[in-house]
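Some notes on the structure that comes next.
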Amino acid sequence: DYSIFVLSELNRIPGHYKKVLESIEANDYTKFQPILVNNKMEIVDGQNRFLACKALGLPIHFIVSDTIKIFAAADINRASKNWSAADYAENFAKRGREPYIRLIDLCAKYNQRLSVVQQFGKMSNAVNSHSENVKSGNFQFRDDVNIDEFLTHIEDFATYYKDFYKKDKFVKAVLKLYLKKEYKIDTMVKKLRMASGIINEQPKVDMMAEELVKLYNYKSKAKINL
């Protein structure tokens with residue numbers, strides 16, 4: 001009887017129960033993670049799980065506390081920490097998933113963040129970002145990029161842009177150029193020696209990529225375009 005449960009306006013607005021629903025459809029572990037309600041049957045913790053189970057017609061596993069108040073919802077969620085993509089990657093690697101083992105190894109070998117290296121993954125169905133792709137457990141590397149070559153190339157920028165060459169937006173901007181068939185690493189290295197000072201750090205990936213194009217095309221007859 002789902003009607004006995006109360007969604008309190010003093011709790012946060014449930015915002016991602018559809019993602020929770022997809023997770024429960026794939027693997028239903030809700031009986032091991034019951035929702036928490038007070039003696040008024042107000043849901044203190046687990047609103048998204050409740051809505052997902054209700055939508056799926058599944059039973060609600062719950063614990064009733066006579067002492068907890070609805071105001072405790074904020075404290076409970078402040079103390080909790082959702083798993084990051086890095087947490088999922090480590091977990092799948094420990095379970096022997098080869099793509100995840102390689103993902104972790106590449107991050108360590110080139111001292112790069114997961115948010116950079118995961119860009120080399122194939123996008124799975126029903127995910128909207130590389131982080132979701134990693135979390136889904138279906139991460140696989142693309143076959144059309146020499147990842148070791150690219151991450152080694154990033155170090156060519158270290159001398160010139162030491163303050164930002166490891167930042168996500170810079171690495172992603174370089175990747176945009178690298179994926180162009182006409183892009184040549186030797187040409188970029190040459191232009192770095194010639195005119196590295198003509199570009200500046202930019203706040204967005206596309207803007208940073210335009211700066212790099214400007215450098216790559218410096219005094220060139222054959223120009224590259226994004």
Subject >> Net charge dipole size for the stretch 1-48 [Lys, Arg +1 and Asp, Glu -1 on Cβ; Debye, nearest 20] >> reply: 100 debye
Original post:
Quick one: accessible area per residue over the stretch 1-138, 1.4 Å probe, rounded to a whole number of Å²?
Top reply: 63 Å²
Original post:
How high is the relative contact order of the stretch 120-226, in percent, counting Cα pairs under 8 Å that sit 6 or more residues apart?
Top reply: 21 percent
Original post:
What do you get when you divide the Cα radius of gyration of the stretch 32-123 by 2.2 N^0.38 Å, with N the number of residues?
Top reply: 1.55
**OP:** For the chain, find the longest principal axis of its Cα atoms and tell me its angle to the long axis of helix 85-94, 0 to 90°, nearest 10.
**Re:** 90 degrees
**OP:** Return one number: the angle in degrees, 0 to 90 and rounded to the nearest 10, between the long axis of the Cα atoms of helix 168-178 and the longest principal axis of the Cα atoms of the chain.
**Re:** 50 degrees
Subject >> Structure-based [θ]222 nm, the chain - -39500 (n - 2.57) summed over DSSP H runs of at least 4, per residue, nearest 500 >> reply: -13000 deg cm²/dmol
**OP:** Please say if the stretch 121-226 is rounded, prolate or oblate, where rounded means a/c under 1.5 for a ≥ b ≥ c the square roots of the C-alpha gyration tensor eigenvalues, and otherwise the choice is prolate for a/b larger than b/c and oblate otherwise?
**Re:** prolate
Original post:
Per the 1.4 Å probe, what fraction of the accessible area of the stretch 129-226, in percent, lies on carbon and sulfur atoms?
Top reply: 46 percent
Original post:
With springs only between Cα atoms under 10 Å, which of 115, 131, 65 fluctuates most in a Gaussian network model of the chain?
Top reply: 65
Subject >> Calculated diffusion of the chain, Stokes-Einstein form, Kirkwood radius summed over Cα pairs, 4 °C and 1.567 mPa s, µm²/s >> reply: 62 µm²/s
Subject >> Taking the stretch 22-81 and dividing mean pair separation by its residue count, relative contact order in percent (alpha carbons under 8 Å, at least six apart) >> reply: 36 percent
Original post:
In nanometres, what is the gap between the two model label sites at residue 140 and residue 4, each 7 Å from Cα along Cα-to-Cβ?
Top reply: 4.6 nm
Subject >> Antiparallel bridges, percent of DSSP beta bridges restricted to the stretch 1-147 (to nearest 5) >> reply: 40 percent
Original post:
Helix 205-216 versus the longest principal axis of the chain: what angle, 0 to 90°, nearest 10, using Cα atoms?
Top reply: 10 degrees
**OP:** Output the relative contact order of the chain, whole-number percent, from Cα pairs under 8 angstrom with separation of 6+ residues.
**Re:** 11 percent
**OP:** Work out the charge dipole of the chain with +1 on the Cβ of Lys and Arg and -1 on the Cβ of Asp and Glu about the Cα centre, then indicate which of 74, 194, 17 is farthest towards its positive end.
**Re:** 194
Original post:
In the Gaussian network model of the chain, springs joining C-alpha atoms below 10 Å, which of 56, 114, 106 carries the largest mean-square fluctuation?
Top reply: 56
Original post:
Among 95, 113, 12, whose mean-square fluctuation peaks in a Gaussian network model of the chain (Cα, cutoff 10 Å)?
Top reply: 12
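The values are calculated or read from the model by the stated rules, or taken from the named source; none is laboratory data. From a predicted model like this one, the values you see are computed outputs, not experimental measurements. Don't worry about glycine lacking a Cβ; one is built from the backbone with ideal geometry, like all the others, and counts go over all protein chains shown. Ligands, DNA and RNA are stripped out before the accessible areas are found, and what is left, the full protein with its side chains, is counted by its heavy atoms. Shrake-Rupley method; radii C 1.70, N 1.55, O 1.52, S 1.80 Å.
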